[in-house]
Amino acid sequence: RKHVYRFGAGAADGGAGMRNLLGGKGANLAEMASLGLPVPPGFTVTTDVCTAYFANDHQFPAGLKEEVEKALNFIGEAVGARFGDNQNPLLVSVRSGARVSMPGMMDTVLNLGLNDETVEGLARRSDDRRFAFDSYRRFIQMYSDVVLGLDHHLFEQALEQYKNLNAMELDTELSAEDWAQLVERYKQIVQDKLGKPFPQDIHEQLWGAIGAVFESWHTARAVTYRRLHNIPEDWGTAVNVQAMVFGNTGDRSATGVAFTRNPSTGENALYGEFLVNAQGEDVVAGIRTPQYISEAARQAAGDDRPSLETVMPEAFAELRDICLKLERNYRDMQDIEFTIQDGKLWMLQTRAGKRTTKAALKIATDLTAEGLITKEEGLLRIDPEQLDQLLHPMLDPNAKKEVLTTGLPASPGAATGELVFTPDEAETLRNLGKSVILARIETSPEDIHGMHAAAGILTARGGMTSHAAVVARGMGRPCVSGAKDLSIDYEGHKMTAGGRTLHRGDVITIDGSTGEVIAGEVPTLQPELGADFQQLMDHADEVRRMKVRANAETPRDAKQAREFGAEGIGLCRTEHMFFEGERTTAMREMIVADDESGRRVALAKILPMQRQDFLELFEIMAGLPLTIRLLDPPLHEFLPHEDSDIRETAQRLGVDEAKLRTRLAQLKEFNPMLGHRGCRLAISYPEIPEMQARAIFEAATEAGQRTGAPVVPEVMVPLVGLAGEFNEIKARIDATAEEVARETGVKLEYQVGTMIEIPRAALRAKEIAKSAEFFSFGTNDLTQMTYGLSRDDSGSFLGDYMSRGIITNDPFVTLDADGVGELVQIASERGRATRTDLKLGICGEHGGDPASIAFCESVGLDYVSCSPYRVPVARLAAAQAAL
Ligand code: ADP
Ligand code: MG
Ligand code: MG
């Protein structure tokens, strides 16, 4: 099998479809070359070689050297130069490229092939000695950093010293001789630190760089990134070797990055930044502040430095054409890197651009409208999880706020938290449950874990495409970058802005949509969901099969759920209605009552309150189905535990304190979650489900009369394990329904069903479905009981399971399709074998998790139910699952 794939001069061995073998960068370079775009020629060493390299004790496979030699000749011929030629040297970049883009994770070496002799050749050929030595010093620094493991600060310090000594401020003030002298110093640094000279042998340089790219797959920051993004360790990276083009040859040269559409708003306009007379990563590194590419963007930002459109109109026009071509070819917004050498444009990279959720929505709907993608493809373009970002609050525009300074709106959304200055602090405080804002002068890949832990990110330097901005957008974290007036003092744990000093721990707010940095906390508002969101949801609704309901018991949640498009309530937890004021007292009175008649007295007080609650819910959900679960938790959850509370409760209930304490002791259980709860309470105290059923039916009747659109109440019996349990309770509910119908003269439509949350119930579904009219999978308890794993205690050790690879997902977050899922499947099949029209739904936390929703589709459930804020996520996920 071939180890090396070539690209350039209008052709390529590979293409965009080969990213597994060539990595993303290599596959797309090949694709661009085949499209006839101006790509410097080069070749890709495959990911297979990387895998073989690690499998074979860090040795390159046989035959690789020869293939690389030949490919180097191919590049040399294409550009008319030769690798190592003293008169006319070919220089190359050595670039990493994994299957999926890992921004800034892997290392790149530019200008490789320079040594003391070839640098003279380059100087003569270009007739520009300054450029040649500028390239050489860059090369020594990068190579020493990436390949030899010497900290780049060593070289930056030497440069600073040199400038100070010679009273210079800017790099542009250094002459050819200055750079040549620095090159000598740099080589001396390498000699001093490593005890051997900087490699003059260009082949040693090349193989050193290729090996280093492979090795960088295992750097700590790369490992962290893969862990955070679930990227398998064994993929490996490809290496791209490519002829250098130079953005640092003078004022007609430049380097830049661009998006074919605006990555923040999605607007269909070329958006990007560039630096004149610069090379490689200068733009991203935030060393100089870049200029805008398009004139429109420059004007909108009020920047007074000229745009690329003005200074290099031909290159700009070509860039714009290429962007159109790329979009048509890839049918998606692209993120590109380019260099202009003496007015000539060269493409160095393209990939699908990271974007905010807002932009993702606009781009997907625009591309659909432009006919570049289908409606279904448009739906698949949005990660349901991403929608979450949109549904969250924004700063209240009318709120008073003390704006300290304004930076670039690098990633939208507002965040408030305690100020920290190091990624480690961010992580520590986050683990304590605190919200933090991470403020850095600029960020680098070493900061990723802290950025992940932070609610928001603030930087003093860097543009819209800086590391901080790109990573924050990818993570969905609000970010303000390049807040120039901000000065951060790491040592003093403080920062100053707008004449104020803030210390570590002070609360600040950032608004990533406007760039504002604000002292203290600012009230927030619900976001406006725009036309693109609506369009996407409409498409999702056309495509999906499963219904989406919400878990809600308060009128507020129910209203929110309807606004987000819920088609009913899948779980109304009645006990949540008992945890406040007067109700708690009535509930406690019932629990401590000596006998049934005592309980009935207390229940009679609860009935009207409960009826009122349901009435409101039924009105909000007019015409939709609504599943109400009967009382579920162990009774002791309603009782007082603290001494003072016990005393007070005894007084309020008018019972003897000692008696109350006895009752409390009686109710104590060793394992309450497996104790006297759920339908077991209804078996012992049938007057409870009777009261609840009455409240439900009376309210449903009244709401139906008021709204003219009656709900269909679905009364749900929790924690059933035996058909006998269910049958007994159902008989009471039916009897109550008849009574209410007789009293009101209205015959109501309703259903009685059960939650499937005990494994036995799943297995006995055939029998239970004889009388149950619906099943709702309570996957929280079902997971807990299938695994024998307490949801409330698993946090302390599940991490060990995940880090050892014993499980890949927390089963309480994503449904365990293999085990718990099999029970769901069994119950569905057996239930439907008895009752073909048995309604099936899910109401655990999993109902809002896209992977679990896909599973629900595969078993043919009728609906999923989730928290109100997850409803749009579930609508999209259900659509994707149906495609
Ligand atoms: P990353 O994956 O970190 O973006 P790249 O391999 O894309 O790393 O390299 C970083 C930058 O180096 C590129 O954006 C480009 O500006 C510059 N670069 C890479 N290869 C070349 C080349 N052959 N000629 C000129 N510049 C290059
Ligand atoms: Mg890099
Ligand atoms: Mg790149």
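Below is a table of values for the structure above.
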{"item": "The chain: relative contact order in percent, alpha carbon pairs under 8 Å with at least 6 residues between", "result": "8 percent"}
{"item": "Within straight-line cross-link reach of Lys494, lysines at Cα separation under 16 Å, skipping those fewer than 8 residues along the same chain", "result": "Lys484"}
{"item": "Long-range amide H partners of Gln334 with built H, under 5 Å", "result": "Thr260, Arg261, Gly353"}
{"item": "Cα-based helix-to-principal-axis angle, 581-592 vs the chain, degrees rounded to 10", "result": "60 degrees"}
{"item": "Per-residue HN-Hα couplings for the range 652-666 [Karplus 6.51, -1.76, 1.60; θ = phi - 60°; Hz; x = Gly/Pro]", "result": "5, 7, x, 10, 5, 4, 4, 5, 4, 5, 4, 4, 4, 4, 4"}
{"item": "Within the range 4-243: Cβ-based charge dipole about Cα centre, in debye rounded to nearest 20 (Lys, Arg +1; Asp, Glu -1)", "result": "560 debye"}
{"item": "Percent of Cα-Cα distances greater than 33 Å, calculated over the range 4-243", "result": "20 percent"}
{"item": "Relative contact order for the range 1-129, counting Cα pairs under 8 Å that sit 6 or more residues apart, in percent", "result": "22 percent"}
{"item": "J(HN,Hα) series, the range 147-159, from Karplus relation 6.51 cos²θ - 1.76 cosθ + 1.60, nearest Hz, glycine and proline x", "result": "9, 8, x, 9, 4, 5, 4, 3, 7, 5, 4, 4, 5"}
{"item": "Hydrodynamic radius of the range 657-757 per Kirkwood, over alpha carbon pairs, in Å", "result": "15.3 Å"}
{"item": "Computed lengthening from Ala665 to Leu228, 0.36 nm per intervening residue step minus Cα-Cα distance", "result": "152.6 nm"}
{"item": "Label point distance in nm, Arg652-Thr585, each placed 7 Å from Cα along Cα→Cβ", "result": "0.6 nm"}
{"item": "Neighbourhood charge, 15 Å Cβ-Cβ cut-off, centred on Phe133 and excluding it, Lys, Arg +1 and Asp, Glu -1", "result": "-3"}
{"item": "Quarter of the Cα convex hull surface for the range 374-516, i.e. its orientation-mean projected area (nm²)", "result": "9.4 nm²"}
{"item": "0 to 90° range, to nearest 10: angle between helix 313-330 axis and the chain longest Cα axis", "result": "40 degrees"}
{"item": "Centre separation in Å (Cα based) which lies between the range 263-326 and the range 109-151", "result": "27 Å"}
{"item": "Size of charge dipole - the chain - debye, nearest 20, with Cβ of Lys, Arg +1 and Asp, Glu -1, no other charges", "result": "1200 debye"}
{"item": "For Lys344, net neighbour charge (Lys/Arg +1, Asp/Glu -1) across residues whose Cβ lies under 15 Å away", "result": "-4"}
{"item": "Residue order, fewest to most beta carbons within 10 Å, for Leu114, Leu170, Leu883", "result": "Leu170, Leu883, Leu114"}
{"item": "Approximate spin-label separation Val507-Lys605, in nm, with each point projected 7 Å along Cα-to-Cβ", "result": "3.8 nm"}
{"item": "Residue list for the range 392-418, given a label point 7 angstrom along the Cα-to-Cβ vector of Glu528 and an amide N cut-off under 20 Å", "result": "392-400, 409-415"}
{"item": "³J(HN,Hα) computed for each position of the range 815-825 - Karplus, 6.51 cos²θ - 1.76 cosθ + 1.60, integer Hz, glycine/proline x", "result": "3, 6, 4, 5, x, 4, x, 5, 5, 4, 5"}
{"item": "Alpha-carbon centroids, the range 573-635 and the range 641-679: separation in whole Å", "result": "19 Å"}
{"item": "Alpha-carbon centroid distance for the pair the range 474-501 / the range 360-426, whole angstrom", "result": "20 Å"}
{"item": "Most positive-pole-ward Cα, Gln535, Met802, Met451, against dipole of the chain from beta carbon charges", "result": "Gln535"}
{"item": "Charge-dipole axis of the range 550-662 as Lys and Arg at +1 and Asp and Glu at -1 on Cβ define it, positive-most pick from Cys572, Pro608, Leu653", "result": "Pro608"}
{"item": "Net +/- balance of residues flanking Ala769 in space, Cβ distance below 13 Å, scoring K and R +1, D and E -1", "result": "+4"}
{"item": "FRET efficiency for Asp837 and Arg706, using Cβ-Cβ distance with R0 set to 35 Å, rounded to 0.05", "result": "0.75"}
{"item": "Low-density loop cleavage sites - GluC sites (Glu not before Pro) in the range 429-535, where at most 16 other Cβ are within 10 Å (DSSP)", "result": "Glu491, Glu521, Glu528"}
{"item": "Quarter of Cα convex hull surface for the chain, i.e. mean projection, nm²", "result": "42.1 nm²"}
{"item": "Theoretical FRET efficiency, 1/(1+(r/R0)^6), r = Cβ-Cβ of Asn780 and Lys400, R0 51 Å, to 0.05", "result": "0.75"}
{"item": "Too-long pairs where the Cα-Cα distance tops 20 Å, listed order kept, from Lys354/Lys547; Lys2/Lys65; Lys362/Lys400; Lys70/Lys325", "result": "Lys354/Lys547; Lys362/Lys400; Lys70/Lys325"}
{"item": "Amide H contacts of Gly272 (H built 1.01 Å from N, under 5 Å, at least 5 apart or other chain)", "result": "Phe259, Ile293, Ser294"}
{"item": "Exposure proxy ranking, count of Cβ atoms within 10 Å, fewest first, for Met333, Met102", "result": "Met102, Met333"}
{"item": "Least to most buried among His203, His3, His58 (fewest other Cβ within 10 Å first)", "result": "His58, His203, His3"}
{"item": "DSSP beta bridges in the chain [antiparallel fraction, %, rounded to 5]", "result": "65 percent"}
{"item": "Values of log10 I(q)/I(0), in the order q = 0.09 Å⁻¹, for the range 100-259 under a Debye, Cα-only, solvent-free model", "result": "-0.35"}
{"item": "Cα extents of the range 254-355 along the three principal axes, largest first (Å)", "result": "32, 28, 26"}
{"item": "Folded to 0 to 90 degrees: helix 687-707 orientation relative to the chain principal axis, Cα", "result": "70 degrees"}
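We did not get these values from a lab; they are worked out from the coordinates using the rules stated. These numbers come from a predicted model, not from an experiment. FYI the Cβ positions are ideal-geometry reconstructions off the backbone, even for glycines, and counts take in every protein chain you see.
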